[in-house]
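Comments concern the structure below.
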């Protein structure tokens with residue numbers, strides 16, 4: 001009895017796996033496989049899509065056949081993608097007529113077949129788009145990347161590359177929209193989060209940029225470059241202390257990275273310039289009538305500017321020491337900070353002290 005039930009089950013499975021035996025479908029496969037007549041094959045397969053005897057509500061063979069044996073061979077990728085989508089919508093678990101292997105994976109069902117064909121065709125189109133872009137044909141590259149998305153919308157590379165095209169065309173809004181679609185497809189893609197952070201930072205949406213960079217760091221194999229960008233986000237947000245703390249943590253993590261030392265030097269350079277410039281107008285009109293408290297604030301401000309300049313110069317020099325090749329930028333920046341310190345030491349601090357002495361103000 002059990003043996004009979006098992007044989008019956010196998011018979012049912014076989015019938016289910018080869019359910020598309022209607023005349024229209026058989027004519028389509030004969031036209032394509034034996035007669036090599038794709039035009040005739042397409043005609044019969046399109047009829048099989050709708051013919052009641054072909055069970056269109058549940059049978060995926062006709063759209064799968066059209067996609068893989070007609071439109072793929074004709075390089076008609078738009079129709080191919082449409083038929084692949086229809087096949088997986090109709091019956092993703094239906095067994096393939098002709099199972100095959102892709103690498104080490106056995107492809108047995110419509111869903112597996114659809115995924116395999118998407119990947120194979122996508123790779124060709126995507127590589128073509130990259131090549132076209134490298135040749136400088138931006139519009140053609142854009143169209144080809146859009147085609148790659150149509151063929152396989154689940155590959156995150158599509159959205160990063162297409163967003164890059166929009167950036168080249170200076171269409172930042174479309175670039176951001178494209179990146180966000182990509183993140184919906186793959187919410188663990190570090191490159192997409194980093195690009196989103198870059199675009200948001202350009203729009204001065206600094207808090208959102210910070211969130212994007214933190215997500216990118218979370219999933220990145222090499223988070224160092226993204227972490228460096230965060231330093232300047234914190235500076236632009238006016239959170240200098242957080243920028244300093246974050247910089248120190250990064251230096252512990254990457255102690256031999258000249259670029260990081262240079263970037264931290266730039267951080268302190270910007271802070272020194274902010275302190276210096278914030279009070280320059282008042283210093284230029286300095287008089288003994290200035291209020292005592294304000295004079296003390298002015299004095300402390302320029303001392304702070306000198307501290308920042310000293311730290312900046314130190315980091316630039318360390319960057320220069322670590323660089324394998326001579327970098328004039330590091331040494332030039334270090335000399336600039338030395339010049340600023342000299343100006344503070346020889347002009348600003350003495351002038352403020354002289355004014356304080358005349359006004360009878362104790363600075364310390």
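We did not get these values from a lab; they are worked out from the coordinates using the rules stated. What you see is a predicted model; the values in this text were computed from it and never measured. Positions of Cβ are backbone-derived with ideal geometry, glycine not excepted, and every protein chain shown enters the neighbour counts.
Any chance you could list the semi-axes, whole Å, largest first, of the equivalent ellipsoid that the Cα gyration tensor gives for segment 237-316, using √(5λ)? List each step's numbers first, then the result.
Numbers: eigenvalues 196, 26, 17 Å².
Listed largest to smallest, the semi-axes of segment 237-316 are 31, 11, 9 Å.
Which residue fluctuates most in the GNM of the chain (Cα springs below 10 Å): 294, 40, 228?
294
Bin all alpha-carbon pair distances of segment 183-269 at 10 Å intervals from 0 and give each bin's fraction as a whole percent.
Computed distribution, short to long bins: 19, 48, 30, 4, 0.
Compute the projected area of the convex hull of the Cα atoms of segment 75-165, averaged over all viewing directions, and report it in nm² to one decimal place.
Details: hull surface 25.3 nm².
Averaged projected area of segment 75-165's Cα convex hull equals 6.3 nm².
Between segment 266-284 and segment 286-309, how far is it from one alpha carbon centroid to the other, in angstrom?
12
Cut-off 10 angstrom, C-alpha nodes, Gaussian network model of the chain. Which of 102, 251, 176 fluctuates the most?
It is 102.
Based on other C-beta atoms within 10 Å, arrange 95, 200, 192 from fewest to most. Don't skip to the answer; put the middle values down first.
Values: 95 16, 200 22, 192 28.
Fewest-to-most ranking of 95, 200, 192: 95, 200, 192.
Tell me, what is a quarter of the convex hull surface for the C-alpha atoms of segment 225-362, in nm² with one decimal? Could you put the intermediate results ahead of the total?
Working: hull surface 35.8 nm².
Approximately 9.0 nm², given one-decimal rounding.
Taking only Cα atoms and a 10 Å spring cutoff, compute GNM fluctuations for the chain and point out the largest among 239, 263, 98.
98
In whole angstrom, how far apart do the alpha carbon centroids of segment 86-156 and segment 22-55 sit?
Segment 86-156 and segment 22-55 have Cα centres separated by 23 Å.
In Å, the Kirkwood hydrodynamic radius of segment 19-118 over pairs of distinct alpha carbons? All intermediate terms of the calculation are to be shown ahead of the outcome.
Details: mean 1/r = 0.0757 Å⁻¹.
So the Kirkwood estimate lands at 13.2 Å.
Which one is right for this structure if mean projected area of the Cα convex hull in nm² is calculated from it: (1) 21.4; (2) 29.7; (3) 18.6?
Among (1) 21.4; (2) 29.7; (3) 18.6, the one calculated here is (2).
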